């Protein structure tokens with residue numbers, strides 16, 4: 001029998017047995033079945049995730065030690081069904097550093113024989129995929145024996161690795177399918193073995209520190225391209241960010257042309273981006289509290305989308321609501337965000353009035369002339385000063401024209417006057 005066929009027959013015929021270690025109970029997690037290897041669902045909308053998540057994404061992680069108990073010879077096999085979602089990816093990280101070291105976005109995954117990739121070709125059927133994570137020690141011959149186009153290789157020197165699975169706008173918690181199985185192959189024998197015991201990841205331990213920036217008090221709020229972070233970044237996404245302190249008696253507004261989003265799977269290839277959203281989080285804790293994504297904004301292609309942000313404690317809140325409703329009744333795309341500075345975070349502290357706004361573009365296409373990916377990233381610490389090095393490439397409304405958002409704060413009475421209108 002062909003060794004590759006024999007290997008795959010063996011891979012999914014052998015019962016899966018899990019061993020439990022009595023050592024290091026503080027980090028070890030018992031793994032009863034392959035599909036329960038994943039950690040609990042990390043929900044973008046429940047206020048528990050740090051680093052400004054989108055409210056419409058769910059995450060799962062699996063973390064293992066790569067150089068203990070013979071794991072340096074083990075390849076992980078992740079086998080499951082493509083979810084029904086707007087976007088799906090598997091990302092690989094060095095868990096000790098939070099550094100991205102590989103992964104696959106949905107359209108890059110070659111489907112199993114007899115299946116199609118529903119992110120490439122529309123399909124209502126259940127379609128399957130298999131992805132391998134090879135150890136740094138894997139040879140070309142060993143990886144070839146895996147007989148798969150979907151092989152990611154660990155970076156040398158990584159002692160603890162994490163796989164993060166992301167789903168945006170899934171049809172339910174799991175995107176209408178079960179979580180993928182996580183199995184393991186010993187590359188020395190090409191036999192299935194027990195998967196490494198899942199360990200607690202550092203992905204939920206984001207270091208939060210807050211201090212005011214001088215630019216928080218400026219009346220304007222420019223947007224900048226975020227630097228590619230070292231803390232479990234989504235490598236398929238770029239972000240414009242802006243930050244301001246919003247007093248109770250002021251209103252923040254910004255308008256921009258959103259990136260055009262494909263309407264059908266067949267339009268995904270070559271699209272300017274797959275998805276966009278505007279997320280609003282607290283600089284005090286880096287949790288997100290409000291999000292609006294492309295379909296919610298319901299902005300026709302070629303029309304501008306506007307956002308109005310005010311405090312729930314604003315004394316003219318009702319008048320602000322009425323103005324926004326009037327603009328909407330005239331067919332304008334205006335989203336009102338009522339920020340509650342007294343709202344308590346999951347840590348029990350008020351979220352305050354220093355707001356970080358993120359304009360998220362998933363799979364931005366650099367070939368599109370207005371892509372945010374063509375900007376120069378700007379450090380978060382003092383972006384206003386840093387951007388003076390190359391304002392035409394670092395400040396969004398200068399680099400992208402109407403496609404670049406730009407915020408301005410107005411006193412209540414000025415905002416409520418006819419002077420402030422929306423496109």
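The set of residues in region 245-284 being surrounded by fewer than 17 Cβ atoms within 10 Å (Cβ to Cβ) and in contact with a helix residue (DSSP H, G or I) (Cβ under 6 Å, 6 or more places away or on another chain) consists of 249 alone. Looking across region 168-210, the residues that are within 30 Å of residue 355 (Cα to Cα) and either in contact with a strand residue (DSSP E or B) (Cβ under 9 Å, 6 or more places away or on another chain) or assigned by TED's automatic domain parsing to the domain that holds residue 350 (or both) come down to 168, 169, 170, 173, 201, 202, 203, 204, 210.
Please return the ranges of strands (runs of 3 or more DSSP E) entirely within region 326-423 where 2 or more residues are free of Cβ contacts under 8 Å to residues at least 60 places away in the same chain.
Per the criteria, 333-339.
For the residues 149, 144, 156, the requirement of being without any contact (Cβ under 8 Å) to a residue 12 or more places away in the chain, surrounded by fewer than 20 Cβ atoms within 10 Å (Cβ to Cβ) and either under 30 Å from residue 231 (Cβ atoms) or assigned by TED's automatic domain parsing to the domain that holds residue 54 (or both) singles out 144. Among residues of region 198-216 that are surrounded by fewer than 18 Cβ atoms within 10 Å (Cβ to Cβ), those with a beta-carbon under 7 Å from a residue that is at pLDDT below 85 at least six positions away or on a different chain give the pairs 200/27; 200/29; 206/231.
On the given criteria, is residue 297 buried (at least 17 other Cβ atoms within 10 Å of the Cβ) and either in the same structural domain as residue 281 (by TED's automatic domain parsing) or more than 13 Å from residue 253 (Cα to Cα) (or both)? Against the criterion (buried (at least 17 other Cβ atoms within 10 Å of the Cβ) and either in the same structural domain as residue 281 (by TED's automatic domain parsing) or more than 13 Å from residue 253 (Cα to Cα) (or both)), residue 297 qualifies. Inspection of region 220-228 identifies at least one residue that is modelled with pLDDT under 90 and surrounded by fewer than 15 Cβ atoms within 10 Å (Cβ to Cβ).
The values are calculated or read from the model by the stated rules, or taken from the named source; none is laboratory data. This one's a predicted model, so the numbers in the text were calculated from it and none came from an experiment. Please note: Cβ atoms are built from the backbone with ideal geometry, for glycine as well, and neighbour counts cover all protein chains shown.
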